[in-house]
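A short worksheet on the structure shown next.
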Amino acid sequence: TLDGKPHGQGELRDRRDNNVIYSGDWRNGKRHGHGKELTGGRVTYEGVWVNGEKKGAGVATGMRWEKDGYFVGPTLDGKPHGQGELRDRRDNNVIYSGDWRNGKRHGHGKELTGGRVTYEGVWVNGEKKGAGVATGMRWEKDGYFVGPTLDGKPH
């Protein structure tokens, strides 16, 4: 420690169960340098921190992302970036597999439900854009659409 703050190599542990939450470098009480985030004893993110924030390239192996999911793949500044998967936290099924940029679906990808592809196409800044193909995409209240799409809608 330095002036009563974490400084140098160390671990942050959960008060309830003593599990390690973060293991790595500290400076002036903030995560700074190389480190690993852990959930339930397993590494979920590894990368570099600068003044407490994730910076540069990292690797997520179960980083929480979006409402009910976690991300597996490369990151940039703590956000999905590159080819990766979004998985459901409840059942581990893949929800989306494809390209990411700055934390958003961007480029070619596939949406999946229950392990089966329901939509394949291109995303731009998190939105379905251009021509795509639905193979069971949820549509209307109780329906599923099968066929060509444009900007994520039946076409």
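Throughout, read-outs are computed from the coordinates displayed, never taken from laboratory work. All of these numbers come straight from a predicted model, not from anything done at the bench. Ideal geometry is used to build each Cβ from the backbone, glycine not excepted, and the neighbour counts take in all protein chains shown.
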- Item | Lys, Arg +1 and Asp, Glu -1 on Cβ, resulting dipole of the chain about Cα centre, debye, nearest 20 | 240 debye
- Message: Over the Cα atoms, compute the radius of gyration (one decimal) and Dmax (the largest Cα-Cα distance, rounded to a whole number) for segment 65-141, in Å.
- Response: 12.0, 38
- Averaging sequence separations of C-alpha pairs under 8 Å and six or more residues apart, then dividing by the length of the chain, give the relative contact order as a whole percent. 9 percent
- Vicinal HN-Hα couplings computed from phi for segment 77-84 (Karplus, 6.51 cos²θ - 1.76 cosθ + 1.60; Hz; Gly/Pro x): 6, x, 10, x, 7, x, 7, x
- Query: Taking amide hydrogens as modeled 1.01 Å from N in the peptide plane, which residues meet the under 5 Å criterion relative to Arg89, leaving out close sequence neighbours?
  - Reply: Gly69, Tyr70
- Note on the structure: segment 49-95 and segment 114-135 have their Cα centres apart by a whole-number Å value of 20 Å
- Plugging the Cβ-Cβ distance of Lys153 and Asp77 into 1/(1 + (r/R0)^6) at R0 = 30 Å yields, to the nearest 0.05, a FRET efficiency of 0.40
- Item | Gain upon complete extension [Gln9, Trp139; 0.36 nm per residue less C-alpha separation] | 41.7 nm
- Environment charge of Gly8, counting only residues whose C-beta is closer than 10 Å and scoring Lys/Arg +1, Asp/Glu -1: 0
- Query: Can you list the aspartates and glutamates whose alpha carbon sits under 16 Å from that of Lys128, skipping same-chain ones fewer than 8 residues off?
  - Reply: Asp99, Glu111, Glu120, Asp151
- Query: Quick one: which of Lys5/Lys79; Lys5/Lys36; Lys36/Lys110; Lys79/Lys110; Lys54/Lys110 span more than 21 angstrom between C-alpha atoms?
  - Reply: Lys5/Lys79; Lys36/Lys110; Lys54/Lys110
